[in-house]
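To start, the structure itself, in structure tokens.
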Amino acid sequence: MQRSMATTKDKMEKTNLCSVLKGVGDLQMEERPLPTPKPGEVLLAMQSVGICGSDVHYWVHGRIGDFIVREPMVMGHESSGRVLAVGDGVTNLKQGDRVAIEPGVPCRLCTFCKTGRYNLCLDMRFCATPPVDGSLARYYTHAADFCYKLPDNVSYDEGALLEPLSVGVHACQRAGVRLGSRVLVCGAGPIGLVCMLTAKASGASEVIITDIDEHRLSVAKAMGATHTVKVNTKDGRVLANEIRTTLGCSPDQTLECSGVESSIATAIYATKSGGVVVLIGLGAPEVKIPIVDASVREVDIRGIFRYANCYPTALEMVASGQVNVKPLITHNYQLEQSVDAFARAKSGEGGAIKVMIHCGQA
Ligand code: 572
Ligand code: ZN
């Protein structure tokens, strides 16, 4: 490892303050030993870490499906940092570089990895997915080739937001959103909003977005949605008609970001024959959907699992100004205030969309 770690900017501490999930509903600040970068890794002074719905879910329930928090786990997977030191063999980064951190590091050896679909790797180690620690800490080590150098005009907050934005990029690619697409986005939470932004940047001429929450729809409109529809019914056929009337046609592609059964039904009924529905939001593991309607109208239903090879695209979109993710951030906290930050993300009070935690010394 290259030494000469601390600059005037970084007064290196003796221990590493981490935000650790100890049990169901039990998030605590804990001092842990400073990590050392292994060969191929970098040591980072963490900067911005966004709270994702999955972080809140682990906090509240201690599990997502079969992924159970059995040992204390550091939270956080939407993050950026500054390189303090590089491990042996690292050539793509140097001390002082500002980076966005792609949180999932795959095995690199299996067929999925070798064919570019590394998000499907069975040996993926993903931050803050048990048993892997996340990056909501003062210091953190990560594979250097899963860190992306930020240009000067991209902030640490934007670097952290490349993570959810990459979900939007992957979703739009899976949907085939292209120049002139008319796109329906179901759900105006953080993922619905990044899907809307990415669809527009991909050339969509119209993006219509739905939600039960009027405030979220107004945020979506301010960020560029061309139409909004307030969800007032659980009847998918009724809502699909409303969407068609508002848009003036049936959407070519639908990005379903809520995971709610009635919304998935709406997505299928609303999408034009021959179109595509991508399921992004995850809810109940089994839901009742109008599969025959989808089948006889050749509406393709596709899933996504995180993303692969999307960080460079997401970074280009932000750096070039094609996408502005900054309005997603509604609340800011210091690392020491992690519990307050999580409570805010959970409650959604005060119009919370993306809650950001700042990990540098205050
Ligand atoms: O930002 C990536 C991301 N992925 C999520 C959720 C939140 N953020 N996923 C939903 C949960 N799954 S999972 O397979 N799992 C807990 C590993 O149920 C991963 C993708
Ligand atoms: Zn996430």
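The table below lists the values:
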read-out: Count - residues of region 109-128 that are without any contact (Cβ under 8 Å) to a residue 60 or more places away in the chain and either part of a loop (DSSP other than H, G, I, E, B) or over 26 Å from LEU27 (Cβ atoms) (or both); value: 12
read-out: Hits in region 47-62 (condition: in contact with a helix residue (DSSP H, G or I) (Cβ under 8 Å, 6 or more places away or on another chain) and either within 9 Å of ligand 1 (Cβ to nearest atom) or within 12 Å of ALA160 (Cα to Cα) (or both)); value: GLN47, SER48, VAL49, GLY50, ILE51, CYS52, GLY53, ASP55
read-out: Failed item in (1) in contact with a strand residue (DSSP E or B) (Cβ under 7 Å, 6 or more places away or on another chain); (2) over 21 Å from GLY76 (Cβ atoms); (3) of a type in the set (D, E, K, R), with ARG216 passing the rest; value: (1)
read-out: Residue within region 310-330 that is of a type outside the set (Lys, Arg), under 20 Å from GLU158 (Cα atoms), assigned to a loop (DSSP other than H, G, I, E, B) and touching a Phe, Trp or Tyr at 6+ places or on another chain (Cβ under 9 Å) present; value: no
read-out: Residue list for region 98-138, filter: over 19 Å from SER79 (Cβ atoms) and among the basic types (Lys, Arg); value: ARG108, LYS114, ARG117
read-out: Odd one out for LYS22, checked against (1) within 19 Å of THR129 (Cβ to Cβ); (2) away from ligand 1 (no atom under 16 Å from the Cβ); (3) under 23 Å from the mean Cα position of the chain (by Cα); value: (3)
read-out: Residue, nearest to LEU282 (Cα to Cα), within region 50-65, restricted to residues that are in a loop (DSSP other than H, G, I, E, B) and more than 13 Å from ligand 2 (Cβ to nearest atom); value: GLY65
read-out: Test: residue in region 197-214 that is within 19 Å of VAL56 (Cβ to Cβ) and charged (D, E, K, R); value: yes
read-out: Matching entry among LEU161, LEU136, LEU165, LEU150 (being under 16 Å from VAL49 (Cα atoms), of a type in the set (A, V, I, L, M) and touching a His at 6+ places or on another chain (Cβ under 9 Å)); value: LEU136
read-out: Qualifying residue in region 31-42 (condition: loosely packed, with under 13 Cβ neighbours inside 10 Å, touching a Leu at 6+ places or on another chain (Cβ under 8 Å), touching a residue at least 40 places away in the same chain (Cβ under 8 Å) and more than 22 Å from ASP157 (Cβ to Cβ)); value: yes
read-out: Wholly enclosed strands (runs of 3 or more DSSP E) of region 129-198 bearing at least 3 residues in contact (Cβ under 8 Å) with a residue 24 or more places away in the chain, more than 15 Å from ligand 2 (Cβ to nearest atom) and in contact with a Cys (Cβ under 7 Å, 6 or more places away or on another chain); value: 182-186
read-out: Qualifying residue in region 83-105 (condition: surrounded by fewer than 18 Cβ atoms within 10 Å (Cβ to Cβ), within 22 Å of the chain's Cα centre (by Cα) and not in a loop (DSSP other than H, G, I, E, B)); value: no
read-out: Subset of region 66-100 (residues that are closer than 24 Å to LEU165 by Cα and within 16 Å of ligand 1 (Cβ to nearest atom)); value: PHE67, VAL74, MET75, GLY76, HIS77, GLU78, SER79, SER80, ALA100
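Bear in mind these aren't lab numbers, they're just calculated from the coordinates by the rules spelled out. Source: prediction; values computed, not measured. All Cβ positions, glycine included, derive from the backbone under ideal geometry; neighbour counts span all protein chains shown.
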